[in-house]
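Structure first, commentary second.
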Amino acid sequence: MIQESLNDWNDMFPSINVLTELKRMKAYLEAHPNKKRKAHEMENFVLRWLSKEQDQKLSFPKQTKTEQTKSDLPDWYQNQKETPLKDSTKKELAKRMERLKGKGKKNE
């Protein structure tokens, strides 16, 4: 019966190492005795655990900012060139900011 279950789980969850996950489950349950399952609940616990692990393996890997490189960016963005703002544009933005600050003070 155990070998049949193991074979079934290996077929259902091909992207993970089922035996390793069963060892992790055992360690988890030993470390959290309040989470101990009854015999009739164990199969559901195992299936939920394995399903969650497989979903994590199949999902896209998360990248941190340090892992992202310029080559990860879309072509249209990589080809963008920084253009400094013209002095007239900077002055116009400064005027708009002042107006916005003034409106905020009036409402206070």
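The values are calculated or read from the model by the stated rules, or taken from the named source; none is laboratory data. Keep in mind the model is a prediction, meaning the values are calculated, not measured. Here the Cβ is made from the backbone with ideal geometry for all residues, glycine too, and neighbour counts use every protein chain on show.
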Note on region 3-44: residues part of a loop (DSSP other than H, G, I, E, B) and out of contact with any Phe, Trp or Tyr (no Cβ under 6 Å at 6 or more places or on another chain) are 13, 14, 15, 16, 17, 32, 36, 38
Can you work out which of the residues in region 44-97 that are aliphatic (A, V, I, L, M) and more than 18 Å from residue 16 (Cα to Cα) is modelled with the lowest pLDDT?
73
